[in-house]
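Bear in mind that the values in this text are calculations on the coordinates, not laboratory data. From a predicted model like this one, the values you see are computed outputs, not experimental measurements. Positions of Cβ are generated from backbone atoms using ideal geometry, with glycine treated the same way; all protein chains shown enter the neighbour counts.
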Amino acid sequence: MPAHAKMDASRANPATFPSFLGTLAPGVHVVGGMGNALSVETERGVFQLDTGVSSKQASKMIARLREITEAPVFAIAYSHGHLGYNNAVETWLEDAAKRGDPPPRVIAHENLVRRWRRYRETEGLQNYFVELQFRVPRGMMAKQPIQTHMPDETFRDALTLTVGERTLQLLWAPSETDDAIVLWMPEEKLLYGGAAVTPSIPNVGTPLRSLRDPVRWADTLDRLAALGAELLVMEFGPAIEGRERIQEILTKTSAALRWLRENVVERLNRGMGAVEILHDLDYPKALFDQPWMQPLYGDPDYIVRDIFRAETGWWDRNPTNLHPAHPDEAGAAVLAAIRDRSAVLEHARSLADAGKTQLALHVVDVLALAPGDDPDVVAARKFKAELCRTLAEDVRSFVSQSLYVSSARLIEDGSLLPTGVR
């Protein structure tokens, strides 16, 4: 199989990332799911890592598995706590019951329980984030309440399942989440990297999510590199073969994350703000211009912002924003100060025509953030939505694309900002 998959940004949605379907090694299979959900045959039955995003998808996975073996599923493990990977666990449990098989053990890292409790507490927020990040129409997720099947057993650092001659080691691998785990099969030298090893730049600093520590992720990658894997199954895409190639991917990704931390902190110590740092960094090609580091989902700029907010407070250094007025009052006050509104919109359009879309967005906000249905304001909002769609075509990260597209839709629906409130 190829050493790496080359994907364009249009396929950066996790739901559409290509996955390998088939046998990776004797008794080790990918039968579908969100990414490369793994099915491992043992003398006790099948060990299943992740169960799919929906009952429909899970049913297909089970059907593929039954083409390979009729052995019962004796254990299910959650690779990490992002919900789409195991929404369908109930389908697997129901299938086991229908077959008359013993209920599978359901295993996860201990931090997953806390994460899922937080998701239940903030269900409205989580659903809204999904709508923005995956371009789902506003309000649709409210019809799909969060459902979680808590694990039956958890572990902290490692859990080893020895079944006959096959050893399955579940190792804590904090990375995209603090509950992520990997599967290490020492006899086969096979490593399932899960959320810790992806076919694009590590997903640190996603605009709508909580902090993710890039150094902790780098530490995890270094520990995985020390295992000496000869076959690496990434979260998405085809597997990677060859110890040297695997070492290169893991260690260079770790080095890139450490480079970001070092260089952002150096600029923080000089008093630079987040946006200043973004425009001052020059990402070294030897680390960032690699097939597995492309900004298809994450983005190096996101990582910079996460490092910045991890070391600073929420203030953006602008005193205007220390105790701000309500957005409607501020927008109305700015609008009242503008004597020639048409000149503002005209200048924004001239910037856009010159290919300076981001600058045009800054200018048009002078009008677009004002409340009400003043014709000039409405025109500015319409143009702002157009600018967002233009920017969506210019960025590679699926997340950035989605946030521009979702913002454009919400602005056209009447929201001044993509809050979904108005």
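Numerical summary
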item: Debye, to nearest 20: dipole size of region 314-366, +1 on Lys, Arg Cβ, -1 on Asp, Glu Cβ; result: 140
item: Computed magnitude of the charge dipole of region 325-412 (debye, nearest 20; Cβ of K, R +1, Cβ of D, E -1); result: 240
item: Distance histogram in 5 Å bins (all Cα pairs of region 9-256, percent per bin); result: 1, 6, 14, 19, 21, 18, 12, 7, 3, 0, 0
item: Computed helical MRE - 222 nm, the chain, DSSP H runs ≥ 4 contributing -39500 (n - 2.57), nearest 500; result: -13500 deg cm²/dmol
item: Residues Ile277, Ile68, Ile249 arranged by fewest to most Cβ contacts within 10 Å; result: Ile68, Ile277, Ile249
item: Region 325-412: Rg to Rh, with Rh as the Kirkwood radius over Cα pairs; result: 0.99
item: Inter-probe distance in nm under a simple model that places probes 7 Å from Cα toward Cβ, at Arg120 and Glu412; result: 3.9
item: 3J(HN,Hα) from dihedral phi, region 276-283, Karplus parametrisation 6.51/-1.76/1.60, rounded to Hz, x for glycine, proline; result: 4, 5, 4, 8, 9, 7, 10, 5
item: DSSP beta bridge pairing in the chain, given as percent antiparallel to the nearest 5; result: 60
item: Long-range amide H partners of Ser175 with built H, under 5 Å; result: Ala180
item: Top of Arg317, Arg389, Arg267 by mean-square fluctuation, Gaussian network on the chain, Cα under 10 Å; result: Arg317
item: Range in the chain, longest, excluding exposed chymotrypsin sites (Phe, Trp or Tyr not before Pro) [loop by DSSP; at most 12 other beta-carbon atoms within 10 Å]; result: 1-313
item: Along principal axes, Cα extents of region 56-115, largest first, whole Å; result: 35, 22, 17
item: C-alpha long axis of helix 111-121 to longest principal axis of the chain, angle in °; result: 40
item: Fewest-first sequence of His362, His279, His82 by Cβ atoms within 10 Å of each Cβ; result: His279, His362, His82
item: Translational D in µm²/s for region 104-201 (Stokes-Einstein at 20 °C, 1.002 mPa s, Kirkwood Rh from C-alpha pairs); result: 137
item: Degrees separating the helix 357-368 axis from the principal Cα axis of the chain, which is the longest one; result: 60
item: Electrostatic dipole magnitude of region 9-256 [Cβ: Lys, Arg +1; Asp, Glu -1; Cα centre; debye, to 20]; result: 840
item: Residue order, fewest to most beta carbons within 10 Å, for His347, His29; result: His347, His29
item: Largest-first ellipsoid semi-axes for the chain, taking √(5λ) over the Cα gyration tensor eigenvalues, angstrom; result: 43, 25, 19
item: Within region 368-390: backbone nitrogen closer than 16 Å to the His347 label point (7 Å, Cα to C-beta); result: 368-369, 380
item: Angle in degrees between helix 55-68 and the longest Cα principal axis of the chain, rounded to the nearest 10; result: 30
item: Mean Cα-pair separation over length for the chain, i.e. relative contact order, pairs under 8 Å, 6 or more apart, %; result: 14
item: Nearby lysines by direct alpha-carbon distance to Lys98 (threshold 19 angstrom, same-chain neighbours under 8 apart not counted); result: Lys56, Lys60
item: Label-point gap, in nm, between Arg243 and Ala330 - each point 7 angstrom along Cα→Cβ; result: 5.7
item: Over region 325-412, relative contact order from alpha-carbon pairs under 8 Å, at least 6 apart, %; result: 24
item: Paramagnetic reach from Val265 (point 7 Å along Cα→Cβ, amide N under 14 Å) across region 197-222; result: 213-219
item: Spin-label model distance (nm) - Thr320 vs Lys285, 7 Å beyond Cα toward Cβ; result: 3.9
item: Relative contact order computed over region 251-346 (Cα-Cα under 8 Å; 6+ residues apart), in percent; result: 32
